[in-house]
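Single-structure report; data block below.
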Amino acid sequence: MIISEVEAKRITDKVLALSKADSCTVTLGGHARTHLRFALNGVTTDGEQDDLTLSVTSSFGTRTGSARTNEFSDAALAKVVRKAEEIARLARPDPEFVPPYGPQQYLPGQSWFDATAKSTPASMATATRPVLDLATQKEVTAAGFFNVGQSCSAMATSKGLFAFDRSTGALFTVSARTSDGTGAGWAGVNHHDIGRLAPATLGRRAIEKTVDSRGPIPLEPGKYLVLLEPSAVCDLLSSFVGRAEARSADEGRSFFSKKGGGNKLEEKLFPDSVNVYSDPHDSIAPGSIYSSHGLPARRRNWIENGTLKDLMYSPYWAKKSNREAVPAPTNIVMQGGSATQDELIASVKRGILVTRFWYIREVDPRTLLLTGLTRDGTFLIENGKIVRPVKNFRFNESPVAMLNNIEAMGQSVRALGGEGAGMPVSVPPLLVRDFTFSSLSDAV
Amino acid sequence: MNRRTFVRTVAGSAVAISVPNVFATSPLPGPVEGLDRASFQKLADVALSAAKRLGASYADLRVCRYQNQSVHTREERVEGIDESTDFGFGVRALVDGTWGFSSSNDLSEKRVGEVTQAAVGIAKANRVLQKQPIELEKLPGYQDEWIMPMKINPFSVSIENKVSLLLAVNEAARKAGANFCNSGMNFVWEEKHFASSYGSLLYQSRVRSFPRFNVTVVDKSTGRFTTRRSLAAPRGSGYEYVRDYELVREAEEAAHQAQEKLKARTVEPGKRDLVIHPTNLWLTIHESIGHPCELDRALGYEANFAGTSFVTTNRLGKLRYGSEFITIEGDRTQKGGLATVGYDDDGVRTKGAEFNIITKGLFTNYEMAVGQAKMIDRKKSNGCSFADSWDTFPIQRMPNISLKPGREKISIDQLISDVKDGIYIIGDGSWSIDQQRYNFQFGGQVFYEIKNGKIGQMLRDVAYQGNTVDFWNSCDGICGQDEYHLGGAFNCGKGQPQQIAPVSHGAVPARFRKVNVLNTDRKDI
């Protein structure tokens, strides 16, 4: 359920008025989404989801409890407040308790597009049809997912903080397979503005890749120069940023820990060309205007000219470390170059093009070593041209090595990782040397 | 290493931890608050009659209520206590062979009518994209109630009691040398009312419990650190499972093992024989047998996300999936199983629907939801439909999938005694497998060298990587029933929008020959 800022304020005021705790934080999260799945060139399942959730965190002194509900009758509101308070009374004093924040200043949101909000099941079916028709025409089998929706969120505290944000989102992913089962391709992206989604273009790209990837040859596993398309970069970079947290680093149990104690802040980790930041007003991948604890999202450089400039600091750890609290990012942007992907390909004497990765898991948190596989379009590049499809590889590699071994980068574009949509991300395709493929996979 | 202690810990014990008699009052879950059978029948009439009137050939209504509780601690501190309820309904309608689905958290008769209309509307909007109309097999209608048997409803146990146990776990770990210990418990109480146009009217209630911890040992001088996670599995059980599991003792053992692991010798990569404990093997079964034998994947319905399968339908009854020691059963009736339930989310009765996926190494059946059986010339599906929420569409999900114990009473020591150069692996670690389920790589929690039939020193940086069929065919020995352990996951992901499913996997220790072992230490970072 999508509610307005006025309605959100009315509900949070009402809940705060019911609170008898010393301090209270109220959050609301709502969504309304419509989706369409297809496979074997036809529709399979579809549906509408519509919900609104209320969460109450109450504290007596430093004793805290939380309760959630998705019912909004007066009785249900009173019940969830009492439940949070009941838990808080049973809880133990928390030596790390930090009171809720007071009023904050937020940037205006830039993630809402009326055109997306007006989408209907019929318009989604119409936009999908050309993809299925092209798949049939090219004698490949397409499968995909189209998800369009709206979301809203609000946070209010007994100290006077009130934040509200809303966004729209449209996601279209399509993969296809050849009838002989030897070729597969994929394309996909998400945007706040459905007008930028272009399902037909994505479908054409996926189907072209599918046809071109038929009959892959095996190459020996080893270290390769790789051209990682934005989806692949998105997955590895998101893993890196997601672990950039100060406390675990200071405690000595993270890649970001410094040998001998402390963390790697201000260390030069990567070449000058590496710049990674968050900015809720980024034009390609705008993020939410507020983050954890109701703290405002603002431009924040994580990596600046290769140096680690920031880590996430929880309110408690910030206080203990005598620093400002740094909330989790609400988007990730990696600055790119000016080259097109074709220009990057043209610069490669011998290398592997990776469309996307799959089933990425952490192997060693100390080195951020990850494992996973290439999928849906892996090609050999020779003398500046894509020459043939190759079998998929399993990689064992760290995003730290990826960022250290960049040979060239293309333009930063909106990207969607292989394992689903997280926060909005804009990354360039990267040309990376010495990327470790450890074994071959027969999977197509 | 104290393997015997470990095995006893995993298996649980009749010796309870210190627990007060708060358990004396433990009411079993009852029907959804404010929704008795008659009220649900009335709502079902609204949905099913509207769906029929609007042109649906089949429809069902699911009303679900979930109560979740989580308690998390680290060291001497309670990090968070959270309780939530989630309530709503979904209507599924089949119109001209095309599905439509809609949902809402407003359970009024008016809204049920509107949502039914929306479900039919979506089906009608999308039928222009239909290539192969969906045909459902006729199912019997059931009027029944199924309530998971348990001794202690976790929601009747005081929070103080849970906090005390978790802080005792952290204290035990730290006293035993751990620098950090995070621990937690999650409980879910799931209730579902289901009515279908086939005449079913069902109420089901079940509970899931998941206690766990993770200890960390740090050597700041070298910059190295290591962890050892609890081997406790989530279960479809009441609080008696948490009470009887020796979490405090395991935490102490884990702290010792983590310290040993920090100083352990790094593994020499290469082909090695492996003896794999069920606390690790359950996940290998899940990924390399559970998923590839899902019929919707094999047919291509999940191609865009979860992937397809190397187990194509022409291999049914022909594929030599594993050695003769490998018989894998699918069920939704096993005691303590996370997938255990009376009826699946298509309304198929699970009792009597148990089936062998692999029989003495031969691939013999797929997991199926309603409407899929005829695609492999079978007469009926086998109870594998599940939706993780009232607002998600039921899709084919795993039942409990388990390796059947060997008939002979073989112990772990006997398995190990026939290994000259190998590794004994305990607990699940990092896991990854390709989208057709050929190439996998799995880590673990604790690794021991095996030399000349005996367990030797601890190893670190171990992962095993292989090809599914080669791996299962390399099995040449499994233990008997005495070593059976039920592992599992709270959160198996599949589908778009992604749904999570709880599922259990039973196994006994098993021996595999010449498996590729990797060294995961990356020295250049």
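The values are calculated or read from the model by the stated rules, or taken from the named source; none is laboratory data. All values derive from a computational prediction rather than experimental measurement. As a convention, Cβ positions derive from the backbone with ideal geometry for all residues, glycine included, and neighbour counts pool all protein chains shown.
At-a-glance table
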{"read-out": "Scan of the range A:283-334 for residues that are surrounded by fewer than 20 Cβ atoms within 10 Å (Cβ to Cβ) and at positive phi, ordered by number", "value": "A:His293, A:Asn305, A:Gly306, A:Asn322"}
{"read-out": "Residue in the range A:98-119 that is within 12 Å of chain B (Cβ to nearest Cβ), farther than 30 Å from A:Tyr313 by Cβ and not aromatic (Phe, Trp, Tyr) present", "value": "yes"}
{"read-out": "Failed criterion for B:Asp86 (all others in (1) touching an Asp or Glu at 6+ places or on another chain (Cβ under 9 Å); (2) under 30 Å from A:Glu85 (Cα atoms); (3) more than 7 Å from chain A (Cβ to nearest Cβ) hold)", "value": "(3)"}
{"read-out": "In the range A:313-361, residue nearest to the chain's Cα centre (by Cα) [restricted to those that are more than 30 Å from A:Tyr101 (Cα to Cα) and among the small types (Gly, Ala, Ser)]", "value": "A:Gly336"}
{"read-out": "Some residue of the range A:91-113 being under 18 Å from A:Cys24 (Cα atoms), in contact (Cβ under 8 Å) with a residue 24 or more places away in the chain and part of a helix (DSSP H, G or I)", "value": "no"}
{"read-out": "Top-ranked residue of the range A:230-259 - restricted to ones that are without any contact (Cβ under 8 Å) to a residue 40 or more places away in the chain and part of a helix (DSSP H, G or I), ranked as farthest from the other protein chains (Cβ to nearest Cβ)", "value": "A:Gly242"}
{"read-out": "Condition broken by A:Thr307, with the remaining ones in (1) touching a residue at least 60 places away in the same chain (Cβ under 8 Å); (2) of a type in the set (Val, Ile, Thr); (3) farther than 23 Å from A:Ser158 by Cα satisfied", "value": "(1)"}
{"read-out": "Residues of the range B:415-456 classified as away from chain A (no Cβ under 14 Å) and hydroxyl-bearing (Ser, Thr, Tyr), total", "value": "3"}
{"read-out": "Residue in the range A:413-436 that is surrounded by fewer than 24 Cβ atoms within 10 Å (Cβ to Cβ), among the β-branched types (Val, Ile, Thr) and touching a Leu at 6+ places or on another chain (Cβ under 9 Å) present", "value": "no"}
{"read-out": "Only listed residue being in a loop (DSSP other than H, G, I, E, B) and over 18 Å from the mean Cα position of the chain (by Cα), chosen from A:Asp310, A:Asp282, A:Asp376", "value": "A:Asp310"}
{"read-out": "Given (1) within 13 Å of chain B (Cβ to nearest Cβ); (2) surrounded by fewer than 22 Cβ atoms within 10 Å (Cβ to Cβ); (3) without any contact (Cβ under 8 Å) to a residue 60 or more places away in the chain, number of the condition A:Asp342 does not satisfy", "value": "(1)"}
{"read-out": "Filtered residue count, the range B:96-139, keeping only those that are within 20 Å of B:Ala373 (Cα to Cα) and more than 7 Å from chain A (Cβ to nearest Cβ)", "value": "9"}
{"read-out": "Residues of the range B:215-265 satisfying the condition of being in a loop (DSSP other than H, G, I, E, B), more than 11 Å from chain A (Cβ to nearest Cβ), polar (S, T, N, Q) and farther than 22 Å from B:Gln334 by Cα", "value": "B:Ser230"}
{"read-out": "Options A:Ala156, A:Ala200; residue that is crowded, with 16+ Cβ neighbours inside 10 Å, away from chain B (no Cβ under 13 Å), assigned to a helix (DSSP H, G or I) and aliphatic (A, V, I, L, M)", "value": "A:Ala200"}
{"read-out": "The lone exception for A:Ala88 - which of (1) buried (at least 23 other Cβ atoms within 10 Å of the Cβ); (2) of a type outside the set (Ser, Thr, Tyr); (3) more than 12 Å from chain B (Cβ to nearest Cβ) it fails", "value": "(3)"}
{"read-out": "Test: residue in the range B:463-485 that is in contact (Cβ under 8 Å) with a residue 60 or more places away in the chain, within 14 Å of chain A (Cβ to nearest Cβ) and under 30 Å from A:Gly47 (Cβ atoms)", "value": "no"}
{"read-out": "Subset of the range A:113-134 [within 21 Å of A:Ser151 (Cβ to Cβ) and among the hydroxyl-bearing types (Ser, Thr, Tyr)]", "value": "A:Thr116, A:Ser119, A:Thr120, A:Ser123"}
{"read-out": "Extreme residue, surrounded by the most Cβ atoms within 10 Å (Cβ to Cβ), among residues of the range B:48-83 that are at the interface with chain A (Cβ under 9 Å from one of its Cβ atoms) and closer than 19 Å to A:Tyr316 by Cβ", "value": "B:Ile81"}
{"read-out": "Within the range B:343-462, strands (runs of 3 or more DSSP E) holding 2 or more residues that are surrounded by fewer than 19 Cβ atoms within 10 Å (Cβ to Cβ), at pLDDT 95 or above and not assigned by TED's automatic domain parsing to the domain that holds B:Phe89", "value": "B:355-359, B:454-460"}
{"read-out": "Members of the range B:293-320 found to be more than 8 Å from chain A (Cβ to nearest Cβ), in contact with a Lys or Arg (Cβ under 9 Å, 6 or more places away or on another chain) and surrounded by fewer than 24 Cβ atoms within 10 Å (Cβ to Cβ), listed by number", "value": "B:Ala306"}
{"read-out": "Some residue of the range A:348-361 being without any contact (Cβ under 8 Å) to a residue 24 or more places away in the chain and either out of contact with any strand residue (DSSP E or B) (no Cβ under 7 Å at 6 or more places or on another chain) or within 14 Å of chain B (Cβ to nearest Cβ) (or both)", "value": "yes"}
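To keep it simple, each residue is scored yes or no on (1) more than 17 Å from A:Ala154 (Cα to Cα); (2) more than 7 Å from every other protein chain (Cβ to nearest Cβ); (3) part of a loop (DSSP other than H, G, I, E, B).
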{"residue": "A:Phe38", "(1), (2), (3)": "yes, no, no"}
{"residue": "A:Asp46", "(1), (2), (3)": "yes, no, no"}
{"residue": "A:Asp51", "(1), (2), (3)": "no, no, no"}
{"residue": "A:Val56", "(1), (2), (3)": "no, yes, no"}
{"residue": "A:Arg68", "(1), (2), (3)": "no, no, no"}
{"residue": "A:Ala76", "(1), (2), (3)": "yes, yes, no"}
